[in-house]
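Chemist: Mind having a look at this structure? Questions to follow.
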Amino acid sequence: MAFEGLTERLQKAMRNLRGKGKVSEADLRETMREIRLALLEADVNFTVVRNFVKRVQERSRGAEVLEGLNPAQQIVKIVNEELTKTMGEEAVPLNKSEKIPTVIMMAGLQGAGKTTTVGKLALKLKKEENARPLLIAADVYRPAAIDQLETVGKQIDVPVFQQGTDVNPVEIVRNGMAKAKEDHNDYVLIDTAGRLQIDEALMDELKNIKELTHPDEILLVVDAMTGQNAVNTAEGFNDALDITGVVLTKLDGDTRGGAALSIREVTQKPIKFVGQGEKMEALDVFHPDRMASRILGMGDILSLIEKTQNDYDEKQAKELAEKMQNNTFGFEDFLDQLEQIQKMGPLDEIMKMIPGMANNPALKNVNMDPKDLEHIKAIIYSMTYEERNNPDLLNPSRRRRISRGCGRPIQEVNRMIKQFNQMKDMMNKMSNGNMSGMEQMMGN
Ligand code: GDP
């Protein structure tokens, strides 16, 4: 999960200030030292760390003059605001052209996730704007790249323009653009070639494509898991191409967070999207403020709500909230939820967007292998309708029958029911206003 170590260390750094009516110079120095180490360990660029700590320190010195919050709370607030600033303050929307098509050129090193991201972005535009994008396959050096883009195109039902690997990429793009004009596509997404590292030939080719198409967006796709290499790559591409934004992929696997925290300040270009999984739906707009809260373990409830809203109507959500509150949430509802959640993305990612959950030790004991979801569903399918709606009926003999019915061991059935009850309990508490994460962190 993204930023686990950093979240833990930052929380620890600030926990030392809890309960203090006044923060001494020595306390502050110690906290700043901890924050600095936490960021360096998270592989954040050295200069970015230095500037960040300097700003937090300066603002924290005057912090006790603020009314209403205790010093620890003020410093958490300052750290949160400065993290947001470091990542760019506000979400930056996609550039759009006055006349169609809007041209989006995607660049990046091999394996960064460029082809996947082309598909994800096309799907997003299709879903959110009813757009009709055309994908152009201009990576002719890796033959599999064209097949991959074709597969992605089929998967999301978006046309792909390709001319195999024997035509010059600039020519392919020229022909693809003509095709898009003919078909009145409103977006063109160009999947350009990647290399293992930046070289002159690649940059020349990309410059030629840029010159030909005058793209509205040049999005650089970088792999968050490569940390400072991602930052260096971004710098290199930006120097050559003057990119308009960055897509940070594989944030789901990035445990340190160095790239997310450094790219904006080093390149002065915004991170526009983040990839958080292999599924086509796993592309999100990058919101610096929400990301900062997530890094601090305060949860990312807004993104969670938005995610849920995409597939969920308000009435359903209200009914669910009522069930949580009244503790009448049954397995039938659980099944519904599982299906919603499976559409949303990896379960542990989703859970960690809930305030107070990011570093909640209880979460470490919850098993969230996606295969388990299928087993859980199998177990629920083997329950009768009454049992699903009234889990208290599940006595040992019923559990044995269910175990035989779904072919899962009895221990697993028992464990699932136990976890379900724990979860129900937790949801009931949370929906009744006990959201303790932020409060704990703020030292209350
Ligand atoms: P390209 O060479 O840059 O076009 O990279 P690909 O699109 O082929 O992606 C390389 C690998 O990264 C593939 O296995 C993708 O499924 C995977 N990938 C891409 N984006 C993400 C992401 O956001 N999260 C995860 N976990 N995997 C990703």
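Chemist: Report the relative contact order of the stretch 4-86, percent, no decimals, based on alpha-carbon pairs under 8 angstrom and at least 6 residues apart.
Modeler: Working: 69 pairs, mean separation 28.4, N = 83.
Once divided by the residue count of the stretch 4-86, the mean separation gives 34 percent.
Chemist: Convex hull volume of the Cα atoms in the stretch 4-86, per residue, in Å³? Don't skip to the end; give the middle numbers.
Modeler: Values: hull volume 7.0 nm³, N = 83.
Looking at the stretch 4-86, the number lands at 84 Å³ per residue.
Chemist: A further question on this structure: List every residue whose amide H lies under 5 Å from the amide H of GLY108, counting only residues 5 or more places away in sequence or on a different chain, with H placed 1.01 Å from N in the peptide plane.
Modeler: VAL221
Chemist: Starting from the 7 Å offset along Cα-to-Cβ, what nm value, one decimal, do you get for the label separation of LYS127 and GLU150?
Modeler: So the label points at LYS127 and GLU150 sit 2.6 nm apart.
Chemist: Restricting attention to the stretch 1-59, which trypsin sites (Lys or Arg not before Pro) occupy a DSSP loop and are surrounded by at most 13 other Cβ atoms within 10 Å? Before the final figure, lay out each step's value.
Modeler: Numbers: sites: ARG9, LYS12, ARG15, ARG18, LYS20, LYS22, ARG29, ARG33, ARG36, ARG50, LYS54, ARG55, ARG59; in loops: ARG18, LYS20, LYS22.
The qualifying sites are LYS20, LYS22.
Chemist: While we're looking at this one, here's another question. Evaluate 2.2 N^0.38 Å with N set to the residue count of the stretch 102-287, then give the Cα radius of gyration divided by it.
Modeler: Details: Rg = 15.1 Å, N = 186, 2.2 N^0.38 = 16.0 Å.
Compactness ratio reported: 0.94.
Chemist: Ordered by residue, what ³J(HN,Hα) values in Hz, to whole numbers, does the stretch 217-227 give under the Karplus form 6.51 cos²θ - 1.76 cosθ + 1.60, where θ = phi - 60° and Gly and Pro are x?
Modeler: 9, 10, 9, 8, 9, 10, 8, 4, 5, 8, x
Chemist: Can you work out ³J(HN,Hα) from phi for every residue in the stretch 230-235, in order, using Karplus 6.51 cos²θ - 1.76 cosθ + 1.60 and θ = phi - 60°, giving whole Hz and x for Gly and Pro?
Modeler: 4, 5, 4, 4, 4, 4
Chemist: Nearest 20 debye, what's the magnitude of the dipole of the stretch 102-287 about its Cα centre given +1 on Lys and Arg Cβ and -1 on Asp and Glu Cβ? Walk me through the numbers before you get to the answer.
Modeler: On the way: 20 positive and 29 negative charges, 72 e Å.
The calculated dipole for the stretch 102-287 is roughly 340 debye.
Chemist: Suppose every K and R has +1 on its Cβ and every D and E has -1 on its Cβ; what is the size of the dipole of the stretch 85-196 about the Cα centre, in Debye to the nearest 20? Each step should come with its number before you reach the end.
Modeler: Details: 15 positive and 15 negative charges, 32 e Å.
Result for the stretch 85-196 is approximately 160 debye, rounded to the nearest 20.
Chemist: Now for a different question. What do you get for trypsin sites (Lys or Arg not before Pro) in the stretch 90-130 restricted to DSSP loop and a cutoff of at most 12 other Cβ within 10 Å of the site's Cβ? Numbers along the way, then the final one.
Modeler: Values: sites: LYS96, LYS99, LYS114, LYS120, LYS124, LYS126, LYS127; in loops: LYS96, LYS99.
Taking the stretch 90-130 and a limit of 12 other Cβ atoms within 10 Å, the loop trypsin sites (Lys or Arg not before Pro) found are LYS99.
Chemist: Hey, got a sec? Which trypsin sites (Lys or Arg not before Pro) in the stretch 153-234 land in a DSSP loop and have at most 16 other Cβ atoms within 10 Å? If you can, show how the numbers build up before the last one.
Modeler: Values: sites: LYS154, ARG174, LYS179, LYS181, ARG195, LYS207, LYS210; in loops: ARG195.
Sites meeting the loop and neighbour criteria: ARG195.
Every read-out reported here was derived from the displayed coordinates using simple, explicitly stated rules and does not represent laboratory data. None of these values were measured; they are calculated from a predicted model. As a convention, Cβ positions derive from the backbone with ideal geometry for all residues, glycine included, and neighbour counts pool all protein chains shown.
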